[in-house]
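Presented below is the structure to which this report refers.
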Amino acid sequence: MSLSRTFVVPLAVLLLLHFVVVLAGFIAPYDPATQFRDHPFAPPTRIHFFDSRGGFHLRPLVYLWKSNGEFAKYEADTTRTAPLRFFLSGDTYSVLGVFHSSLHLFGVDEPAHVFILGSDGYGRDQFSRFLFGGQISLFSGLLAAGLSLGLGLLLGSAAGYHGGLLDALLMRTTEAFAALPWLYLLLALRAFLPLHMSPAQTFLLLIAVIGMLGWGRAARLVRGIVLSAKERNYVVAARGFGATEWYLLRRHVLPQTRGVILTQAAILIPQYILAEITLSFLGLGVAEPVASWGNMLSALQQYSVLTSYWWMILPGLLLVTVLLRYYILAQSLELRVESSPY
Amino acid sequence: MRAIVNVLFRKLVAFICFPSVLAFAVSGPEEFLVTKSEPGTPGGKLVIAERSEPKTLNPITALDGPSRNVIRRMIADLISINRSTQRSEPALAKSWTISADKRVYTLKLRRGIKFSDGHAFDADDVVFSFQVYLDEKVHSVQRDLLVIGGKPIGVTKLDQYTVRFDLSKPYAAAERIFDSVAMLPRHLLEAPYKEEKLASSWGLDVAPGQIAGLGPFRLKEYVAGQRIVVERNPYYWKTDSKGTKLPYLEQIMYLFVPSEDAQVLRFEAGETDILNRISAENFAVLQKNQQMRGFKLFDLGPGLEYNFLLFNLNDDTTGRLPETARHQAWFREQKFRQAVSTAIDRNAIVKLVYQGRAVPIILQVTPGNKLWLNEVLPKPEYSLAKAKALLQSAGFRWKSDGRLVDAAGQPVEFSILASASNAQRKQMATLIQADLKPLGITVQVVPMEFRAQLDRVLQTHDYDAAIMALGSGDVDPTAEMNVWLSSGATHLWHLGERQAATDWEAEIDRLMQMQESETDPRKRKLEYDQVQQIVASQLPIICVVSPNILVGAKAKLANFQPGILDHYTLWNADELFWQPSR
């Protein structure tokens, strides 16, 4: 009931979000790197069903901006309108690097522009950047969490099942990792890396770094469960019947860690999304002009941007809701695990 | 013999004879300088934010901006450059004469002047000061400036108030080199100098009584991590036309506020009185309510700072950097540099990065330097078609996917370093990256901590290109010698050249050296015009924009005359005063 609702709703929302982000190229009206240099810091475009004379339009329209010559000061020119068009052709994009297309869900014809979340200081569409940025931010979180949990599962079960010297060695390593001042470490790391790194390389490196740093906690949790599971009577019995080690692990021990792994995933993913954002915010993530949520938010470091252009904060607010969904999901997962028959 | 005597400043002040009559009998009348500025009312204090603590109060070793800003208020020089008119003016020297061969300068000192501790100043202090600066063991910052044609200038005392300076060759900007060269108190510094402890004296821990100068202010207190306060020097040697002794202000307090945004907030809240230089964005933020909050903002137009894209043209003799060496084949091609320059939309940079408060440039001489700019040279041009034609004629081709490849078929890709803490330079790099994309050039922007960037540019030479800025301290071309001479310490694109690597660099060397010793101003201008012409066509660095100098001050601060030469706002701190409220 309520348990399943708190579980299903955030999960559905998150799945939808990931789906939208995968289809960023189709849904976003523009390429994330396209600079409309005549429109820096344009406020969100308002979409009208009624024109200035009160006439109703089934196909909504936008007004063109007119600038009075001052920097980033715009007024809607009510004499010049452009209808919102659907399924029109625009910048080319690819979905998952496989399908190439130039069909966009919506857009307007030049010289009008549609900036649903406004534009940034280069005149780039914030909405398009948010969607494309999600590809980096959300998936780096997912992949890094996958890496962390994979490592945690492998090393944690090895430590718990084998015990002895291996256990001691691995557990001391996790402690060492937990004690690292990782932010300073990363700052130092960046200085040693080569200058020529393509965005794809940086992205993979980012995932590797974030993922590698967080496996310790997962490993400790898995170890604890494996340690107690291997002493259970039915495991001992199975061993007595001549089951192989691999069979025991696969059939009896590891399934017990499922709940912990899932809960950890729901906790780690938003944490790692935040980690990517922090790194990009500090200039250690994917470089411009590639969009990521951290890159988008780093513009807010400037006092003038913060005070003058409120729409620059919108990606941050959207981000809060995304992270919140993940935490709600984690909580309900935890409840389910606790109330599960295991 | 041509004598330059500044008549305006020579009138003596009718001195007030009160308790110091005896002193006058000994040292003669005090030859105070009478300023032309509006007479003011004494009193009050001024608060200004400095981005960090000074590292030292020692004028001989101070290198960093904050230290120099504080020290500059406590010292005086023989001849000063007026930051507002950009011309030289008498300071501690009341007049000077130049010999016919332009090699001997004879300076007359003001009589009856005292250091801030009350000790008299005369020719012995001048000789001592120059002895210290020119001593190689002292490693003074000023030494390079005072070595002309490879030989240190000779300093001789003629009498108690006359000093002769001998130059090894005629030097065009000779009187300008005296600007900001502090006259040191021999009575305080001779002992540490003899003990070779000069570099470590006058650190931040110095007691106010142990440090003295001839500037309008003297040290009052230093609170580590918070503030440094200088107070009015009662022995200062200027008065206004009404005979009031300068400076008017009782104190200047420097607060340490690390970021510009924080400085702007403090100023907006009324906690500080002056903003020495701010970005265009913050200028726009403050502009909204300047009237209500009682401050004034000034856009002084382009300064002397030039921002540029620097290509690494250093020779990699060790073979450590094969990748960079491969890229350098492109960078060394003049047409490649011209193509990049033509593809950069400088007007977009002016608009998006500086909100229109900057000017596009193609040269190191900015429109702010009206005396020396070569006006004949064309303005920077933006044309993709021309850039493509240039690349094509240099043997570059385009692949079917639009990527540019060189004659060997290698794709043209390089990275641009930009200081991570400087929003403007990061933005500039991102815009240039987008500008070069239509040419098929892939550019990676690498934001990097400024010191790490400097290390790569100056030491390891492990970089392709970088966005940097240079700003001269003076309008005179001699101030740019260290950048344009191929052996110069700031010859950034090719450091440590033993001899000029190219013919055009050799030609720049020749012209720069000629103008240095040329004394006919018209000929000097022609020679420097030629240098500018070579720079504009060879583009050793690709100059992009020169930002406007933007400053602010409380509206009640009178005699506020900001200039485009550093220090923009406090250069005439002795004349500033608070308008009494009515």
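The values are calculated or read from the model by the stated rules, or taken from the named source; none is laboratory data. Only a predicted model underlies this, so the values are computations on that prediction, with no experimental measurement involved. All Cβ positions, glycine included, derive from the backbone under ideal geometry; neighbour counts span all protein chains shown.
Return the residues of the stretch B:444-456 that are more than 7 Å from chain A (Cβ to nearest Cβ) and in contact with a strand residue (DSSP E or B) (Cβ under 6 Å, 6 or more places away or on another chain); say none if nothing qualifies.
B:Met448, B:Phe450, B:Gln453, listed by residue number.
Going through the stretch A:38-66 one residue at a time, which ones are farther than 30 Å from A:Leu324 by Cβ, crowded, with 17+ Cβ neighbours inside 10 Å and within 14 Å of chain B (Cβ to nearest Cβ)?
If the condition is that a residue be farther than 30 Å from A:Leu324 by Cβ, crowded, with 17+ Cβ neighbours inside 10 Å and within 14 Å of chain B (Cβ to nearest Cβ), then A:His39, A:Pro40 are the ones that fit.
Considering only residues that are assigned to a loop (DSSP other than H, G, I, E, B) and surrounded by fewer than 17 Cβ atoms within 10 Å (Cβ to Cβ), which ones fall in the stretch B:94-110?
Hits for the stretch B:94-110 are B:Ser99, B:Ala100, B:Asp101.
Specify the residue that is farthest from the other protein chains (Cβ to nearest Cβ); the eligible residues are those in the stretch A:281-308 that are touching a residue at least 60 places away in the same chain (Cβ under 8 Å) and closer than 12 Å to A:Pro199 by Cα.
So the residue we want is A:Ser292.
Does A:Glu175 meet the test of being assigned by TED's automatic domain parsing to the domain that holds A:Phe139, over 30 Å from A:Ala291 (Cβ atoms) and either touching a residue at least 60 places away in the same chain (Cβ under 8 Å) or not in a helix (DSSP H, G or I) (or both)?
Taking the combined requirement at face value, the residue does not satisfy it.
Exactly one of (1) closer than 20 Å to B:Lys45 by Cβ; (2) within 13 Å of chain A (Cβ to nearest Cβ); (3) modelled with pLDDT under 90 is unmet by B:Leu321. Its number?
So B:Leu321 meets the others, but not (1).
Across the stretch B:316-348, what is the number of residues that are within 30 Å of A:Asp38 (Cβ to Cβ) and not charged (D, E, K, R)?
10
Let me confirm something: among B:Asp117, B:Asp144, which residue is surrounded by fewer than 19 Cβ atoms within 10 Å (Cβ to Cβ) and either over 16 Å from B:Met183 (Cα atoms) or free of Cβ contacts under 8 Å to residues at least 40 places away in the same chain (or both)?
After ruling out the rest, the residue left standing is B:Asp144.
Taking the options B:Val544, B:Val535, B:Val551, name whichever one is among the β-branched types (Val, Ile, Thr) and either part of a helix (DSSP H, G or I) or touching a His at 6+ places or on another chain (Cβ under 6 Å) (or both).
B:Val535
Just to be sure before I move on: is B:Leu391 farther than 30 Å from A:Ala188 by Cβ and either buried (at least 17 other Cβ atoms within 10 Å of the Cβ) or more than 9 Å from chain A (Cβ to nearest Cβ) (or both) in the structure I sent?
yes
How many residues does the stretch A:166-203 hold that are within 23 Å of the chain's Cα centre (by Cα), among the hydrophobic types (A, V, I, L, M, F, W, C) and surrounded by 14 or more Cβ atoms within 10 Å (Cβ to Cβ)?
5
Give the residues of the stretch A:109-160 that are buried (at least 24 other Cβ atoms within 10 Å of the Cβ), more than 18 Å from A:Met312 (Cβ to Cβ) and among the hydroxyl-bearing types (Ser, Thr, Tyr), sorted by residue number.
A:Ser140, A:Ser148
Just a yes or no: is a residue in the stretch B:490-506 within 25 Å of B:Gln86 (Cα to Cα) and outside any helix (DSSP H, G or I)?
Yes: the stretch B:490-506 contains one or more residues that are within 25 Å of B:Gln86 (Cα to Cα) and outside any helix (DSSP H, G or I).
On the basis of being surrounded by fewer than 21 Cβ atoms within 10 Å (Cβ to Cβ), under 21 Å from the mean Cα position of the chain (by Cα) and in a loop (DSSP other than H, G, I, E, B), does B:Ser581 make the cut?
It is false that B:Ser581 is surrounded by fewer than 21 Cβ atoms within 10 Å (Cβ to Cβ), under 21 Å from the mean Cα position of the chain (by Cα) and in a loop (DSSP other than H, G, I, E, B).
Return yes when B:Ser241 is within 14 Å of chain A (Cβ to nearest Cβ) and among the hydroxyl-bearing types (Ser, Thr, Tyr) and no when it is not.
So B:Ser241 fails the test.
Could you list, in sequence order, all residues of the stretch A:255-292 that are assigned to a loop (DSSP other than H, G, I, E, B) and not small (Gly, Ala, Ser)?
A:Leu282, A:Leu284, A:Val286, A:Glu288, A:Pro289, A:Val290 - these are the residues of the stretch A:255-292 that are assigned to a loop (DSSP other than H, G, I, E, B) and not small (Gly, Ala, Ser).
Look through the stretch A:219-237, keep the residues that are buried (at least 17 other Cβ atoms within 10 Å of the Cβ) and over 28 Å from the mean Cα position of the chain (by Cα), and return whichever of them is farthest from A:Leu329 (Cα to Cα).
Among those that are buried (at least 17 other Cβ atoms within 10 Å of the Cβ) and over 28 Å from the mean Cα position of the chain (by Cα), it is A:Val235.
Tell me, which residue of the stretch B:165-188 that is surrounded by fewer than 17 Cβ atoms within 10 Å (Cβ to Cβ) and at pLDDT 90 or above is nearest to B:Thr519 (Cα to Cα)?
B:Asp166
Out of B:Asp435, B:Asp476, B:Asp503, B:Asp462, report the one residue that is under 18 Å from B:Ile542 (Cα atoms), of a type in the set (Asp, Glu) and modelled with pLDDT of 85 or more.
Answer to the check: B:Asp435.
In this structure, is B:Glu268 within 25 Å of the chain's Cα centre (by Cα), within 14 Å of chain A (Cβ to nearest Cβ), farther than 30 Å from B:Ile153 by Cα and charged (D, E, K, R)?
Spelling it out, it is not the case that B:Glu268 is within 25 Å of the chain's Cα centre (by Cα), within 14 Å of chain A (Cβ to nearest Cβ), farther than 30 Å from B:Ile153 by Cα and charged (D, E, K, R).
What number of residues in the stretch B:259-285 are part of a helix (DSSP H, G or I) and more than 17 Å from B:Gln424 (Cβ to Cβ)?
Summing the residues that are part of a helix (DSSP H, G or I) and more than 17 Å from B:Gln424 (Cβ to Cβ) in the stretch B:259-285 gives 5.
Just to check your reading of the model, which residue among B:Met428, B:Met468 is buried (at least 19 other Cβ atoms within 10 Å of the Cβ) and more than 12 Å from chain A (Cβ to nearest Cβ)?
None of the other options fit; the residue is B:Met468.
Here's the yes/no breakdown for (1) among the hydrophobic types (A, V, I, L, M, F, W, C); (2) surrounded by fewer than 22 Cβ atoms within 10 Å (Cβ to Cβ):
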| position | (1), (2) |
| --- | --- |
| B:Glu190 | no, yes |
| B:Glu195 | no, yes |
| B:Trp202 | yes, no |
| B:Gln210 | no, yes |
| B:Pro216 | no, no |
| B:Tyr236 | no, no |
| B:Glu250 | no, yes |
